[in-house]
1. Would you please classify the overall shape of the chain from the alpha carbon gyration tensor, given that a ≥ b ≥ c denote the square roots of the eigenvalues, rounded means a/c under 1.5, and beyond that prolate means a/b larger than b/c while oblate covers the rest?
2. Would you grab the residues whose amide H sits under 5 Å from the one on Met297? Only those 5+ places off in sequence or on another chain, please, with H modelled 1.01 Å from N.
3. Hey, what do the phi angles of region 143-148 turn into as Karplus ³J(HN,Hα) couplings, whole Hz, using 6.51/-1.76/1.60 and θ = phi - 60°, x for Gly and Pro?
4. Starting from 0.36 nm per residue, how many nanometres of slack lie between Ser130 and Met154 once their C-alpha separation is accounted for?
5. Charges at C-beta only: +1 for Lys and Arg, -1 for Asp and Glu. How large is the resulting dipole of the chain about its Cα centre, in Debye rounded to 20?
6. Please work out the Cα center distance from region 253-311 to region 1-68, rounded to the nearest Å.
7. Before anything else, pin down the relative contact order of the chain: Cα pairs under 8 Å, at least 6 apart, normalised by residue count, whole percent.
8. Can you list residues from other chains, or at least 5 along the same chain, whose modelled amide H is less than 5 Å from the amide H of Tyr49?
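FYI, it's all coordinate maths here, none of it is from the lab. Fair warning: this is a prediction, and the values are worked out from it, not measured in the lab. All Cβ positions, even for glycine, are placed from backbone atoms using ideal geometry, and neighbour counts span all protein chains on display.
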Amino acid sequence: MYDWLNALPKAELHLHLEGSLEPELLFALAERNKIALPWNDVESLRAAYAFNNLQEFLDLYYQGANVLRTEQDFYDLTWAYLLKCKEQNVIHTEPFFDPQTHTDRGIPFEVVVRGIQQALKDGEKQLGISYGLILSFLRHLSEEEAFKTLEQAMPFRDSFIAVGLDSSEVGHPPSKFQRVFAKARSEGLVAVAHAGEEGPPEYIWEALDLLKVKRIDHGVRAIEDERLMQRIIDEQIPLTVCPLSNTKLCVFEDMRQHNILQMLERGVKVTVNSDDPAYFGGYVGENFAALYDSLNMSKEQAQRLAQNSLDARLV
Ligand SMILES: [Zn+2]
């Protein structure tokens, strides 16, 4: 990491807490909860982090999340991420959590949300990191399942600020979740959604028009549709871009082909984020460093990207 990049105050707007589970913590939690793992050690687990697409990653991600059982586990997971934020001068974060990843394997909703919430509160007090938590629905599951999750979440309504949509994109368009997003918005929750990562620009249109999102997560395929580009520029709709994730999951073959700076220069409100840092090779800082190393990002561009992230906060 470069000192000048580290020193920039930044916000992170696209981070899955479950995706920040580092192999060392994964092994420690497995031991604490007496869970057998299919890997012998941290090194062989890291070696499994070679993905050809989103689905290959997700299969491993859900397997990893299985070690998270108690409130303390969710606290420790969140706290470890916040320490990284502190180290890299991320002063505000809006992380996602996927309750269905846990409730579907019998972990009560309140165990998940209480552990995360306590760590976020402590992080604000002790580390000075402000936050807003986002509840994300798994899009490979049905809208009915999402409705159930929203219902379970309502007693904890004050714990989060928004709903999101993640997991396997292709074949699960935003339109599938139109009704549950309308319900969430009627409860005063803001909407965001993953769209245009592997899925086509049409999914971004749907997220905007049907789910009425305030931000698009990823959105890098917007560049294929000029009318869409014009709209996200005119309306200054933020895109939460994740460069290392995109190259790890082969959305771009190589970082040198990434379009984030091209979008920035067109006037799109792009931001830099880590997505699932434990799996994709780094946190916000490493993502910025990758743009500097591979795309000749200037200091002025880095400042604009960091400022965009602060401007695009929901709270
Ligand atoms: Zn994501």
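1. Rounded, since a/c falls under 1.5.
2. Here Tyr292 satisfy the definition.
3. Each residue of region 143-148 in turn: 5, 4, 4, 5, 4, 4 Hz.
4. Taking Ser130 through Met154 to full extension adds about 6.4 nm, to one decimal.
5. 740
6. 21
7. 21
8. It is none; the list stays empty.
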